[in-house]
């Protein structure tokens, strides 16, 4: 797998990176093992349907975990250190959905050498499922 | 595993829940499989040490994933639906650290039936590693 290696200087306001990822049942199982989050909305399709969802809902924090990939692999990649993440969950994600993750640099702080990333995640139907703003330190080596 | 089932009415400003979790190498492996985040800071102890860290650093978003457990299992538990999470990462977490996660209700919105949780995570040395504010919908059944 390729990993970008942007330096702080190479990043400009407007620099953009994106990737796609399909959410699988295995990911939900792994996430449940990590967190111990046994909530039925994410584990019991029948319960989720009784709450008016199409199927069991993917953990919001699992979808959010792709922010780690965005910063750590794509923008800036290698020199990434996430400082803050402000996340809004706007639509349910289901197993089988393919999520596009797009981050755009909206600001840079030369004094503390961090960037602000505006992030939008959409499902394969084009619905926005998550919006985020991240503050990411770009480390020197 | 026990899961709380607070209703919106049962929750008061000041209601508090907490739990502890130990971060393992297996969790890092699983998180890497889910996200594809191959960043060396989280995977290569030698590289992490060259960047002045004690050891490879636990993914910030992995530590953040325990917010899922806090809301989905503890407060409010069953009726949880996370709307927003604002997270600040304040100290590195390492494999083997035991993290205490504590959430306190600081506000309630009767119109839209959500609560605001203030969350603090500390390691076993008492250092604050993560602070968060969450907006969590408490669903009716």
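In table form, for the structure just shown:
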{"quantity": "All helices (runs of 4 or more DSSP H) inside the stretch A:1-119 with 2 or more residues being more than 8 Å from chain B (Cβ to nearest Cβ) and under 26 Å from residue B:22 (Cα atoms)", "calculated": "A:25-35"}
{"quantity": "Out of A:34, A:87, sole residue that is touching a strand residue (DSSP E or B) at 6+ places or on another chain (Cβ under 8 Å), crowded, with 22+ Cβ neighbours inside 10 Å and within 26 Å of residue B:98 (Cα to Cα)", "calculated": "A:87"}
{"quantity": "Failed item, numbered, when residue B:58 is tested on (1) surrounded by fewer than 20 Cβ atoms within 10 Å (Cβ to Cβ); (2) under 16 Å from residue A:34 (Cα atoms)", "calculated": "(1)"}
{"quantity": "Failed item, numbered, when residue B:63 is tested on (1) touching a strand residue (DSSP E or B) at 6+ places or on another chain (Cβ under 6 Å); (2) loosely packed, with under 15 Cβ neighbours inside 10 Å", "calculated": "(2)"}
{"quantity": "Residue within the stretch A:123-130 that is in contact (Cβ under 8 Å) with a residue 60 or more places away in the chain, surrounded by 16 or more Cβ atoms within 10 Å (Cβ to Cβ), within 9 Å of chain B (Cβ to nearest Cβ) and not in a helix (DSSP H, G or I) present", "calculated": "no"}
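Every read-out reported here was derived from the displayed coordinates using simple, explicitly stated rules and does not represent laboratory data. Keep in mind the model is a prediction, meaning the values are calculated, not measured. Here Cβ is always computed from backbone atoms with ideal geometry, including for glycine, and neighbour counts include all displayed protein chains.
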